[in-house]
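First the structure, in the form of structure tokens, and then the observations on it.
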Amino acid sequence: MTVSAEDILRRVLELGPASGHCVAFSGGPDSHVLLHALAALRGELPGGLRAVHVNHRLHPQAASWATHCERVCRSLSIPFAVHAAARPDAGAGETWAREQRYALFAELLQPGEMLLTAHHRDDQAETVLLRLLRGSGVDGLTGIPPLRRLGPGQVGRPLLDLPRSALAAYARIHGLTSIQDPGNADPAADRNFLRHHIMPLLHQRWPSADATVARAAELLRQEQQVMVAHAAPFLPRNPDGPLHWPALLSQGENVQRIVLHRWLRRAGLPAPEARQLEAGRRMLLQAGADRQPEFAWPGGRVRRYRGFLYAEPQSDEPGPSVSDAPFPGTAWSLTEDLRLPGGWLRRTPAAEGLDVGRLPEGQVTIAFRCGGERCRPAGRPRRPVKKLFQEAGIPPWQRGRWPLLMAGDAIVAVPGVCVCEGFQSAPPTPGLQLWWEPDLRAWEGPG
């Protein structure tokens with residue numbers, strides 16, 4: 001099979017519109033083919049074309065590889081930039097390199113720009129088989145997605161339906177000289193062992209093995225899209241928001257699994273293995289409504305409170321404590337949102353809310369609970385702040401990091417819960433609605 005520059009351009013355009021295109025150029029043969037083809041037809045590619053190279057600093061020749069990439073781009077008159085990854089720790093490998101690479105890509109992409117990678121059909125088959133051997137669920141077995149969001153842009157893989165041999169033929173025809181990373185031949189890496197020892201055996205018996213596996217992954221992806229569309233109404237609008245578990249009780253097991261999995265991914269947490277997710281789902285089903293069950297896995301934790309599920313990262317490193325927070329006692333003029341350890345204090349004009357004109361100095365100071373605080377919500381009796389949190393459904397583990405707005409020793413407002421007597425606005429004077437937007441992981445204090 002042979003492929004032309006026009007074939008590659010068509011596949012890029014079929015991915016959809018973009019404000020520009022950026023080739024992830026490792027200097028290897030596959031990304032060289034992608035860059036060469038698009039450079040030849042750049043006039044037909046909307047939004048411009050550029051290339052980036054990430055120096056992972058894992059190999060003694062890494063600097064010379066970056067120089068090679070720069071030389072290739074100069075010969076093609078393609079704008080080019082090198083970005084260095086953080087200095088690797090001892091033992092850093094391909095997983096670390098991939099995380100570093102995509103973190104850098106997410107930072108450097110322009111709004112609406114599409115990053116293009118040269119993953120091909122052989123890569124897809126290897127990925128699916130590796131995930132199958134690792135016990136991945138349906139999401140994992142759909143393989144490498146042809147298009148997904150990344151930072152302010154997207155990452156597209158236009159070559160997923162092309163075999164490696166077609167790209168190699170293009171490189172030979174056009175005389176392309178590319179980098180050969182010796183690490184790609186090391187059988188100690190699972191992917192290399194599969195590529196050099198297992199895939200050749202599969203092809204001897206089933207010559208179309210890579211195409212068959214890739215096609216199965218695509219069919220799974222299409223079915224998964226249908227299930228995801230069915231699950232979408234159950235996901236909170238805010239990606240970091242809690243998930244309403246009772247709404248899922250009438251749904252089938254597959255919908256529950258998909259909703260849980262996608263909710264965790266939207267929140268930026270590493271997905272648990274299929275068996276861990278299933279164990280957590282069953283535990284949530286079996287725990288009584290009055291219980292507060294939780295389940296954890298490496299990198300994440302889910303807790304239930306009053307029917308809502310809350311997700312947060314799980315780490316061996318302790319989160320900052322209340323005493324570590326630099327903000328208690330800091331003044332806030334309420335003219336703009338305020339970043340605090342653990343989240344954001346948000347404000348918006350409203351017909352009712354806090355009357356800034358009633359503040360002694362037109363500002364408040366930030367405090368956090370130590371336990372035993374009381375205040376009088378506007379129009380209501382004096383209450384312990386803990387009771388107000390309970391009435392508002394604030395989970396116990398979030399209460400110690402929930403900011404209190406103070407004027408001297410008096411509590412002015414508990415954002416998202418109440419404005420206190422004497423500080424509320426009254427018509428025709430407008431007020432400010434205040435709320436607290438916690439990060440997923442933040443320090444904790446008294447409940």
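Some points to look at:
- For the stretch 408-440, a residue qualifies if it is over 18 Å from L388 (Cβ atoms) and not in a loop (DSSP other than H, G, I, E, B), and the qualifying residues are G431, L432, E437.
- For the stretch 347-382, a tally of residues being surrounded by fewer than 16 Cβ atoms within 10 Å (Cβ to Cβ) and of a type outside the set (S, T, N, Q) returns 16.
- If you go through the stretch 340-382 and keep only what is in a strand (DSSP E or B) and under 28 Å from E312 (Cβ atoms), you end up with L340, G343, W344, L345, R346, R347, T348, V364, T365, I366, A367, C375.
- Residue count for the stretch 173-212 under the criterion of being under 27 Å from A37 (Cα atoms), in contact with a helix residue (DSSP H, G or I) (Cβ under 7 Å, 6 or more places away or on another chain) and of a type in the set (A, V, I, L, M, F, W, C): the result is 4.
- Residue within the stretch 92-105 that is of a type in the set (V, I, T), out of contact with any strand residue (DSSP E or B) (no Cβ under 9 Å at 6 or more places or on another chain) and free of Cβ contacts under 8 Å to residues at least 12 places away in the same chain present: yes
- Taking the criterion of being over 35 Å from the mean Cα position of the chain (by Cα) and either more than 25 Å from F368 (Cβ to Cβ) or of a type in the set (F, W, Y) (or both), the residues of the stretch 343-357 that qualify are A351, E352, G357.
- Which numbered condition P233 fails, given (1) farther than 29 Å from W344 by Cβ; (2) more than 19 Å from the chain's Cα centre (by Cα): (1)
- Of all residues in the stretch 274-297, those that are under 12 Å from L264 (Cβ atoms) have Cβ atoms under 6 Å from Cβ atoms of residues that are among the small types (G, A, S), 6 or more apart or on another chain, in F295/G280.
- Taking the conditions (1) closer than 17 Å to L147 by Cα; (2) over 26 Å from the mean Cα position of the chain (by Cα) in turn, G20 satisfies each one other than (2).
- Residue identified as hydrophobic (A, V, I, L, M, F, W, C) and under 30 Å from W344 (Cβ atoms) among L248, L219: L248
Just so you know, all these numbers are worked out from the coordinates, no wet-lab data involved. In this text, all values refer to a predicted model and were calculated from it rather than measured experimentally. Cβ: placed from backbone, ideal geometry, glycine included. Neighbour counts: every protein chain shown.
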